[in-house]
């Protein structure tokens, strides 16, 4: 795929409007971890998806998402576990849900989002404000904070994550679908660890009733070694594939029992690894189909 420019250069017209008209909170504290969507921003993000996604793009298995949503509306705590390759993953997913007439599902989504999206760049913060989300500090970022050299920042992160988990407990039985990237970050080819599931995803599985896996294929904004705003953009066929609805309890028990039989001590990581293995299998199957579309 030919690179068209960067997020900053190719969409400079949209970014200029967004920075002029919208000013979301950028500094995250324990008091503002729950960020409601600014619906006025979404039409601008739709333009990004329309410009970059090619015919053949969309969601397969949307009936599975509808099934999960029905369980959520009945009071069950429900998770969507998505692969993560691009900062356009959420933008395109929301766009294709609504394009498919599944506005009710799109409106039920609450994303677990890293605080970097609010704090790194004003334009990225505006993009993020289009989505309802609970903001956290991912473990990979928290581990880089020296508690001796920066006690205030360490305390801020602790307060943010505690508040985020409290808010999550408040909303997860209220008809919402909690969207989580189990890797906690975009996959970056130069960093193989970025595709490994985080241990703490086991706690999400433990605290929820049902889930769907969603593989993501194609990439209109591949990551690079620099700021998000300078990510390259390109046209591509983007497909999302949703699995059947799974019982979180049954999945977790099966993986942990298998890990015990195999002598694996870190059962939390075993659950995270099993999630990523399932997503990888789905990804590979969907990629074979996507390649036929590209031809």
Going by C-beta contacts inside 10 Å, put 283, 23 in order with the fewest on the left.
23, 283
Using Cα-Cα distances under 8 Å and only pairs 6 or more residues apart, what relative contact order does the chain have, in percent?
30 percent
Counting DSSP beta bridges in the chain, what percent are antiparallel, to the nearest 5?
40 percent
Which three semi-axes in whole Å describe the equivalent ellipsoid of the stretch 212-295, each the square root of 5 times a Cα gyration tensor eigenvalue, listed largest first?
32, 18, 11
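State the dimensionless ratio Rg/Rh of the stretch 1-152 (Rg: radius of gyration of Cα atoms; Rh: Kirkwood radius). Write down the numbers at each step before the final one.
On the way: Rg = 17.0 Å, Rh = 17.2 Å.
Here Rg/Rh amounts to 0.99.
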When the convex hull of the Cα atoms of the chain is projected onto a plane and the area is averaged over all directions, what value comes out in nm²?
15.6 nm²
Taking only DSSP H segments of four or more residues, each worth -39500 (n - 2.57), what value at 222 nm results for the chain once the sum is divided by all its residues, to the nearest 500 deg cm²/dmol?
-14000 deg cm²/dmol
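What is the Rg over Rh value, at two decimals, for the stretch 144-191, using alpha-carbon atoms and the Kirkwood definition of Rh?
1.12
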Taking the number of other C-beta atoms within 10 Å as the exposure measure, put 221, 276 in order starting with the fewest.
276, 221
Spatial separation of Cα centroids for the stretch 27-78 and the stretch 142-208, in angstrom:
19 Å
Radius of gyration, Dmax [the stretch 80-185; alpha carbons; angstrom]:
14.9, 51
What three numbers, in Å, describe the spread of the alpha carbons of the stretch 37-109 along their principal axes, ordered from the longest?
37, 27, 23
How big is the stretch 173-244 on each of its three principal axes, counting only the C-alpha atoms and giving the largest first in Å?
38, 26, 20
Report the Rg/Rh value for the stretch 82-143, based on alpha-carbon coordinates and the Kirkwood definition of Rh.
0.99
Quick check: convex hull over the Cα atoms of the stretch 176-215, volume per residue in Å³, rounded to an integer?
72 Å³
Looking at the square roots a ≥ b ≥ c of the eigenvalues of the Cα gyration tensor of the stretch 73-117, which shape do they give, rounded for a/c under 1.5, prolate if a/b is larger than b/c, or oblate?
oblate
At q = 0.21, 0.22, 0.23 Å⁻¹, what log₁₀ I(q)/I(0) does a Debye calculation on the Cα points of the stretch 130-230 give, no solvent, two decimals?
-1.37, -1.41, -1.43
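Computed from the coordinates by the stated procedures, all read-outs in this text should not be read as laboratory data. No experiment lies behind these values; they were computed from the predicted model shown. Positions of Cβ are backbone-derived with ideal geometry, glycine not excepted, and every protein chain shown enters the neighbour counts.
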